[in-house]
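Structure, as structure tokens:
The values are calculated or read from the model by the stated rules, or taken from the named source; none is laboratory data. Not measured: the values here are computed from a predicted model. Don't worry about glycine lacking a Cβ; one is built from the backbone with ideal geometry, like all the others, and counts go over all protein chains shown.
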Amino acid sequence: MRSLEAIAGIGARRLAILVFGTSLIASAIGCGVPENEVHEREMVAAGRASFRAYCAGCHGPDARGDGPAATQLTVKPADLTQITTRYGTFPDEAIYDRIDGYNDPADSTVQMMPAWGNIWRGVNREWETQQDVRERINEIVAYLKTLQTTSS
């Protein structure tokens with residue numbers, strides 16, 4: 001008898017993630033959690049993963065600007081837990097633009113952070129379309145919103 005993984009053409013780990021994720025969503029919906037809240041949680045989880053992969057090296061695992069590469073930089077990375085404190089509200093669009101880097105001049109001394117949108121559009125074959133890049137940046141923005149503190 002063939003295994004479910006062989007029939008589906010996917011590995012055991014992916015199957016386990018698929019089953020777990022489906023049951024988690026089904027239970028959340030069944031428990032009365034609104035669909036938009038489930039979507040928001042998925043965005044935050046995806047944003048956390050992208051942050052860890054691309055941002056934590058400079059900004060640190062807790063987004064406080066103390067990543068392992070921070071000591072090698074001439075400009076200290078921002079403490080991303082203080083965005084709301086700094087601006088009075090969380091400026092979604094400005095943070096999106098900062099991550100994307102598309103509107104920043106290439107020779108900007110202000111923009112010390114890589115223009116991630118341009119990098120992802122150019123080299124990451126998983127994120128082939130502009131929409132894919134947009135979604136990833138929005139997921140990081142959603143994650144950063146969850147990290148905001150009111151004290152320094």
Restricting segment 57-84 to residues that are modelled with pLDDT of 95 or more and part of a helix (DSSP H, G or I), the residue that is farthest from residue 149 (Cα to Cα): 57
Which of the residues that make up segment 45-79 are surrounded by 14 or more Cβ atoms within 10 Å (Cβ to Cβ), touching a Lys or Arg at 6+ places or on another chain (Cβ under 8 Å) and farther than 20 Å from residue 119 by Cβ? 65, 79
Give me the pairs, please: first residue somewhere in segment 126-152 and of a type outside the set (Ser, Thr, Tyr), second residue anywhere and part of a loop (DSSP other than H, G, I, E, B) and at pLDDT below 95, beta-carbon distance under 8 Å, and either six or more positions apart or on two chains. 132/126; 133/127; 136/127
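From the list 104, 132, which one is at pLDDT 80 or above and out of contact with any Ser or Thr (no Cβ under 7 Å at 6 or more places or on another chain)?
132
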